[in-house]
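Okay, so here's the structure we're looking at.
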Amino acid sequence: MSGHKMEFPITWGMVIDIDKCTGCGACMASCQTENNVEPQREASNKLRATSWMLVYELTNDKAFPNHDIAYLPRPCQQCGNPPCVSVCPVIATDKNENGGIVSQVYPRCIGCRYCVAACPYHVRYFGWYDPIWPEGMEKTLSPMTSVRPRGVVEKCTFCHHRWTQAKDAARVAGKDPDNLDDGAYVTSCVQNCPSGALAFGDIKNPKHKVHELVKSPYAFRLLERLGTDTQVYYISRREWVRKLGDNYLKSE
Amino acid sequence: MGLDRRAFLGLVAGGTVGAMFTPIPWKLIDDASIWTQNWPWIPRVPKGQVDYVATTSKLCPAGEGLKIMRVAGNPILAGGNPSHPLSCGGVSALARSEVYMLYSPARIKSPMKRNGKTFAPITWEQALVEMAEKLGAAKGAVASISGDNTGTINEVLTALTAKLGSAGSFMMPSEATTAAKAMKLMGAQGQAGYDFENADTVLVLGADIFETWGTSSRNRKAFGANRPAGAKPANSYVYVGPTRNNTAAVCDQWVPAAAADLGVVALGIAWHLLKAGATSNAPGFDTFKAVVNGGFGPEDVKRATGVAPETLAAIAKALASAKAPLVVTGSPFGQGLGAAPVIAGMSLNMLLGRINKPGGVYMLPELPSVVPGALTRAAMLDGDLPAFLKGVESGKTPAPKALLIYDANPAYGLPEAATMAKALEKIPFKVSFSSFMDETAALCDLVLPNSLPLERYDDVATPYGSGFCVYSLVRPIQKPICDTKTTGDVLLGLARKLSIDLKFDNFQQVIKEKVASLAKVSGGFVAKDVMPWQVAAGKPAPALVGGDLWKALEAGYAWTMVGQAAQTSMGFAAEVLAKAVKAGKPATATVLAPYAQLRTGTPVTGMPCQDLTTVPDTELLGDTTFIRVNSETAKALGLKKGQMIKLSGAGVDCQAKVHIFESVMPGMVSAPLGFGHTAFDYYSQGKGANYLSLAAVVEEAGSGLSMWIAPEVKIA
Ligand code: SF4
Ligand code: SF4
């Protein structure tokens, strides 16, 4: 349940090719609407705004013309060893299901925000305000995800509902829901990225593309030294980008 | 995962919770928390049968095919359509907004008539009567503006304007207008199309090809497809421009050069190609050679642009030795470029023998037109709207008596906003067909809201930049939510009232006829199993099974055709280059380097509300937008990080905060476009400044085209 690494036969993972990401924000926009995050009037207040997927701008910190930038899209990292789970006093968040997606049970969340503080990737968002859609826009809410009231914590779910749908579709087609074809379950951000910068699949399934991608010499994970053992991998051929993935001392 | 309340109760009932012996305390705590969260004012999600229907994005200029998820017949989400060649599954933040923008607070809910400073709702019949009367009286002096680069609606609009006695039918300025001018000066036929899918070495001169330029989603898919994650890329891209923008961020190399110098850089590369023996039979080659050799040697280019001789030589070498090199030229902010840099860039393609070749440039023929008396796309793109409005403002050009504005927001989306507003004021009767209350609609006498793309028939024909002819259908998948009408229908109704015969009764008929005419074009096919770039690369084009085209389009497939219009005299237009491209002294003034992004919408959509979250706080914070300068420029201008400054240009002042960003050339002030709306809704209004208004329009030597590629600004 917490504090130690859990292994699952299926391990859903995302592989993000930083060298292809233009920073356009389409993944963020896709996520917002897929998951019923309300439009936020004061979205520039990043301490209060909710964005399950967030695109960070990285820089190599050099001056012109040696400066370089990269964009790093950041969904929930779905840690194998999630720091948020161990601090939740009411088990509103857990890692206990095949697939390894860290859950978030809104009706159980008491809004204490321990998990927000514990997550080293800042993927958790507390609902400071009631979610409000402009008049009529609630008709475009997705039936796949519930709307959260203010006062609870939410985060990227790897579009868990899409997994459920994919399993249903497999069952209907007479296929094994626990051995989905590559691409049968992809998240909204992955599906819509116009650059094809994101890939998704079961890391443990050799028939899935991500199984190979995570073995790339250019693959890395964020803050690997923390031992969080995340299910989101990044790929960059640029060394400075890979180095930024972890907290290195200047001398290292 | 996101469990809803019911699913969670299911879990509790299943007894999976907790290590306690009795679930009762848990259940009680749980009920209490559910009760505290059970707030009736939190919206419930809709229920009903889920299905998917196909259409095409019209709000996004990239023209992506869309799959719309519906619940009980209501559109819920817009996703990319994997079988559509301009989407391949991808969708921009703007195309994603097609659904929820149906309920944008900025939507105009019914036809309206100006009543002093405000508007009063009127009926469609009243609107038609009023319009017929005013336009009848304005006969001989009616102008129109369209911001739709791809729709057959332009045929209806321009045919009607012509029959009313046209004072000019204009397209909003864009990459397409600039390129059309350049092609015309070169004596070329057709619209330049870029085959990124088959290109292996791409030189991008200025054009923000992965963000706003042309078919950007398709461009990005083409780029990504040849770059397997973590492996050596099978293509290489070099970006030349003033900032490391979204495009440059993923290119293999960024070569800093001012937007004003793109032509110089191109001719500098031509110098190397010529030296290595490149030649051409095209008209004007000798003059071209003389122009290039006369002033664009490596040292000339270095002096003028700062680009090192070895950098230029390396680019030239990479292009010359590539199997499928391609050069694409455009404005870093999607507008305002002169024709000469495009000519210079196209000259490279000619020297490299890349015209009408896989991975090169195809001069795409226009699709057959169906409305009698309509302007061709080429003729429409030939108009120069900023020049026209400047003429009207200064009194040199007689002001039209009436102006019809379709899918355009000239009061916001043109440079030199102060001048343009004055010109618009001089036009006594203005009608806007905008769906949203934008800055231009707010100035008009009648506002006759167009239904949104998900509520109407419309089409997308070969967006600028596409490497192949392509046609896809936009179709109504939902009844109009407000009292709006398809503008095509309104215009045809108006024509009837004025006894003008435009051949069609409603717009759906126009589209049907267009589709029927496409079915007859030889070489056309439906892109399903074979994509147009595969045909360009040599795969045989499948036959078009007649009669089924409408059905295929409705199912979300696109009609496409590969190849180019016959060329008789495509030449180098060297006399234009000689006049317009000069390797002069570098600019000493501070120059504005705007950048545009789809996530901040277009002048027509305003800021899509869900995209506001995607804007970083280094671009917009509270109500202030940031400009970007590198630390060297900041030091020279005495600017500090976070400092509030005033930018002035073209008689307009704009506020900004300073963001230090090293990937901006020295002397350049990079500024985001798409902010600073005074109209629309609270997601757009008052958020930052409209830096486009600072750009003064100048006339390009040699072509006479209006341009605003490198506006000077003062900082205080
Ligand atoms: S949609 Fe793709 S390219 Fe755009 S920011 Fe997200 S990951 Fe990057
Ligand atoms: S996986 Fe789904 S929930 Fe997570 S960031 Fe992507 S779209 Fe959002």
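Exactly one condition in (1) over 20 Å from the mean Cα position of the chain (by Cα); (2) modelled with pLDDT under 95; (3) part of a loop (DSSP other than H, G, I, E, B) is not met by A:D178; state its number.
(2)
Among the listed residues A:P194, A:P206, A:P107, which satisfies the condition of being away from ligand 2 (no atom under 14 Å from the Cβ) and within 21 Å of A:T50 (Cβ to Cβ)?
Matching residue, one of A:P194, A:P206, A:P107: A:P107.
May I ask you to list the residues in the stretch B:404-428 that are open to solvent by less than 10 Å² (accessible area, probe 1.4 Å), not in a helix (DSSP H, G or I) and not hydroxyl-bearing (S, T, Y)?
B:L404, B:I405, B:A408, B:N409, B:L414, B:P415, B:I427
Does A:M14 satisfy the criteria of being within 16 Å of ligand 2 (Cβ to nearest atom) and assigned to a strand (DSSP E or B)?
yes
Might you let me know whether the stretch B:518-530 holds any residue that is in contact with a Phe, Trp or Tyr (Cβ under 9 Å, 6 or more places away or on another chain), among the charged types (D, E, K, R) and surrounded by fewer than 19 Cβ atoms within 10 Å (Cβ to Cβ)?
yes
At pLDDT below 95 and either more than 7 Å from chain A (Cβ to nearest Cβ) or under 17 Å from B:N219 (Cα atoms) (or both): does that describe B:W124?
no
Inspect all residues belonging to the stretch B:592-600 and state whether any of them is touching a strand residue (DSSP E or B) at 6+ places or on another chain (Cβ under 7 Å) and surrounded by fewer than 24 Cβ atoms within 10 Å (Cβ to Cβ).
no
Please go through the stretch B:466-482 and pick out each residue that is more than 14 Å from chain A (Cβ to nearest Cβ) and touching a residue at least 60 places away in the same chain (Cβ under 8 Å).
B:S466, B:G467, B:F468, B:C469, B:V470, B:Y471, B:S472, B:L473, B:V474, B:R475
Among (1) out of contact with any Leu (no Cβ under 8 Å at 6 or more places or on another chain); (2) more than 17 Å from B:K582 (Cα to Cα), where does B:E299 come up short?
Only one criterion is unmet by B:E299, namely (2).
Among (1) within 15 Å of ligand 2 (Cβ to nearest atom); (2) facing chain B (nearest Cβ under 7 Å); (3) surrounded by 21 or more Cβ atoms within 10 Å (Cβ to Cβ), where does A:K20 come up short?
With respect to (1) within 15 Å of ligand 2 (Cβ to nearest atom); (2) facing chain B (nearest Cβ under 7 Å); (3) surrounded by 21 or more Cβ atoms within 10 Å (Cβ to Cβ), A:K20 is out only on (1).
Of B:E133, B:E197, which residue is free of Cβ contacts under 8 Å to residues at least 24 places away in the same chain and open to solvent by 20 Å² or more (accessible area, probe 1.4 Å)?
B:E133
Just one of (1) away from ligand 2 (no atom under 12 Å from the Cβ); (2) in contact with a Lys or Arg (Cβ under 8 Å, 6 or more places away or on another chain) trips up A:P89, so point out which.
If we test A:P89 against (1) away from ligand 2 (no atom under 12 Å from the Cβ); (2) in contact with a Lys or Arg (Cβ under 8 Å, 6 or more places away or on another chain), just (2) comes out false.
Can you tell me which of A:V186, A:V123, A:V153, A:V147 is within 16 Å of ligand 1 (Cβ to nearest atom) and touching a residue at least 60 places away in the same chain (Cβ under 8 Å)?
Answer to the selection: A:V123.
Within the stretch B:266-277, does at least one residue satisfy the condition of being within 18 Å of A:P65 (Cβ to Cβ) and open to solvent by 20 Å² or more (accessible area, probe 1.4 Å)?
Checked the stretch B:266-277: no residue is within 18 Å of A:P65 (Cβ to Cβ) and open to solvent by 20 Å² or more (accessible area, probe 1.4 Å).
For the stretch B:227-254, name all the residues that are of a type outside the set (V, I, T), within 21 Å of B:G306 (Cβ to Cβ) and touching a residue at least 60 places away in the same chain (Cβ under 8 Å).
B:G241, B:P242, B:R244, B:N245, B:A248, B:W254
Test A:C31 against the criterion of being part of a helix (DSSP H, G or I) and more than 8 Å from chain B (Cβ to nearest Cβ), and give yes or no.
Yes; evaluated as a whole, the condition is true for this residue.
Can you find a residue that is within 13 Å of ligand 1 (Cβ to nearest atom) and outside any loop (DSSP other than H, G, I, E, B) anywhere in the stretch A:4-11?
So far as the stretch A:4-11 goes, no, none of its residues is within 13 Å of ligand 1 (Cβ to nearest atom) and outside any loop (DSSP other than H, G, I, E, B).
Answer with yes or no whether B:M561 is buried (at least 22 other Cβ atoms within 10 Å of the Cβ), over 30 Å from B:L135 (Cα atoms), within 27 Å of the chain's Cα centre (by Cα) and at pLDDT 95 or above.
For B:M561, the condition - buried (at least 22 other Cβ atoms within 10 Å of the Cβ), over 30 Å from B:L135 (Cα atoms), within 27 Å of the chain's Cα centre (by Cα) and at pLDDT 95 or above - is met.
Does the stretch A:171-181 contain at least one residue that is crowded, with 19+ Cβ neighbours inside 10 Å and over 30 Å from A:Y114 (Cβ atoms)?
Within the stretch A:171-181, one or more residues are crowded, with 19+ Cβ neighbours inside 10 Å and over 30 Å from A:Y114 (Cβ atoms).
Tell me yes or no: at least one residue of the stretch A:35-43 is within 9 Å of ligand 2 (Cβ to nearest atom), modelled with pLDDT of 95 or more and within 21 Å of B:G89 (Cα to Cα).
Yes - at least one qualifying residue is present in the stretch A:35-43.
Of all residues in the stretch A:151-169, which are away from ligand 2 (no atom under 13 Å from the Cβ), modelled with pLDDT of 95 or more and not in a helix (DSSP H, G or I)?
Hits for the stretch A:151-169 are A:V152, A:V153.
Can you pull out the residues in the stretch A:222-244 that are within 14 Å of another protein chain (Cβ to nearest Cβ), assigned to a loop (DSSP other than H, G, I, E, B) and within 21 Å of A:V102 (Cβ to Cβ)?
A:Q231
Considering the stretch A:104-150 alone, what residues qualify as being of a type in the set (G, A, S), assigned to a loop (DSSP other than H, G, I, E, B) and surrounded by fewer than 20 Cβ atoms within 10 Å (Cβ to Cβ)?
A:G111, A:G136
Of the residues A:G136, A:G174, which is on the phi > 0 side of the Ramachandran plot and facing another protein chain (nearest Cβ under 8 Å)?
A:G136 is the lone residue from the list that is on the phi > 0 side of the Ramachandran plot and facing another protein chain (nearest Cβ under 8 Å).
For a quick check of your reading: which strands (runs of 3 or more DSSP E) sit entirely within the stretch B:541-651 and have at least 2 residues that are within 29 Å of A:N45 (Cα to Cα)?
Strands (runs of 3 or more DSSP E) meeting the threshold: B:591-595, B:624-629, B:644-649.
Out of the stretch B:604-629, which residues are open to solvent by less than 10 Å² (accessible area, probe 1.4 Å), in contact with an Asp or Glu (Cβ under 8 Å, 6 or more places away or on another chain) and within 19 Å of B:M437 (Cβ to Cβ)?
Hits for the stretch B:604-629 are B:G606, B:C609.
For B:E455, only one of the following conditions fails: (1) surrounded by fewer than 24 Cβ atoms within 10 Å (Cβ to Cβ); (2) touching a Ser or Thr at 6+ places or on another chain (Cβ under 6 Å); (3) closer than 30 Å to B:Y682 by Cβ. What is its number?
For B:E455, the failing item is (2).
When you go through B:A656, B:A650 one by one, which is the residue that is touching a residue at least 24 places away in the same chain (Cβ under 8 Å) and open to solvent by 20 Å² or more (accessible area, probe 1.4 Å)?
Sole residue among the options that is touching a residue at least 24 places away in the same chain (Cβ under 8 Å) and open to solvent by 20 Å² or more (accessible area, probe 1.4 Å): B:A650.
Go through the stretch B:660-708 and report how many residues are part of a strand (DSSP E or B) and within 11 Å of another protein chain (Cβ to nearest Cβ).
Residues that pass the stated criteria total 4.
Can you tell me which of A:R41, A:R48 is of a type outside the set (S, T, N, Q), at the interface with chain B (Cβ under 7 Å from one of its Cβ atoms), surrounded by fewer than 23 Cβ atoms within 10 Å (Cβ to Cβ) and away from ligand 1 (no atom under 11 Å from the Cβ)?
Testing whether each residue is of a type outside the set (S, T, N, Q), at the interface with chain B (Cβ under 7 Å from one of its Cβ atoms), surrounded by fewer than 23 Cβ atoms within 10 Å (Cβ to Cβ) and away from ligand 1 (no atom under 11 Å from the Cβ) leaves just A:R41.
The values are calculated or read from the model by the stated rules, or taken from the named source; none is laboratory data. Note that this is a predicted model, so its numbers are computed, not measured. Virtual Cβ from ideal backbone geometry, glycine too; neighbours counted across all protein chains shown. Ligands, DNA and RNA are stripped out before the accessible areas are found, and what is left, the full protein with its side chains, is counted by its heavy atoms. Shrake-Rupley method; radii C 1.70, N 1.55, O 1.52, S 1.80 Å.
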